[in-house]
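Before any comments, here is the structure.
The values are calculated or read from the model by the stated rules, or taken from the named source; none is laboratory data. Here the structure is a predicted model, which is why all the values come from computation and not from measurement. Don't worry about glycine lacking a Cβ; one is built from the backbone with ideal geometry, like all the others, and counts go over all protein chains shown.
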């Protein structure tokens, strides 16, 4: 699923205000305390908190590793 990079740069997690990373058909918050992910439906991010999911610490860490977040 493609998201315009300019849009991705603007979007933030509604709960933590942290930047998001793209992971397949999901946008995932880079905030390790909330670990929220938001589905992308037909190219449109669903940023409603009640529709989001909270990842386990291990799953969130794998997404961050794939996205290269936290690497120097």
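Things to note:
- Under the condition of being under 12 Å from the mean Cα position of the chain (by Cα), in a helix (DSSP H, G or I) and under 17 Å from residue 70 (Cβ atoms), the residues counted in segment 1-58 number 0.
- Just so you know, in segment 42-68 the residues that are surrounded by 11 or more Cβ atoms within 10 Å (Cβ to Cβ) and either under 16 Å from residue 14 (Cβ atoms) or touching a helix residue (DSSP H, G or I) at 6+ places or on another chain (Cβ under 8 Å) (or both) include one that is modelled with the lowest pLDDT, and it is 45.
- Any pair with Cβ under 7 angstrom, 6 or more apart, that starts in segment 1-21 at a residue that is within 14 Å of residue 47 (Cβ to Cβ) and ends at one that is part of a helix (DSSP H, G or I): 14/49; 15/49; 20/8
- Pairs meeting the criteria (first residue in segment 50-65 and touching a residue at least 12 places away in the same chain (Cβ under 8 Å), second residue outside any helix (DSSP H, G or I) and exposed (fewer than 13 other Cβ atoms within 10 Å of the Cβ), beta carbons under 6 Å, at least 6 apart or on different chains) are 64/70.
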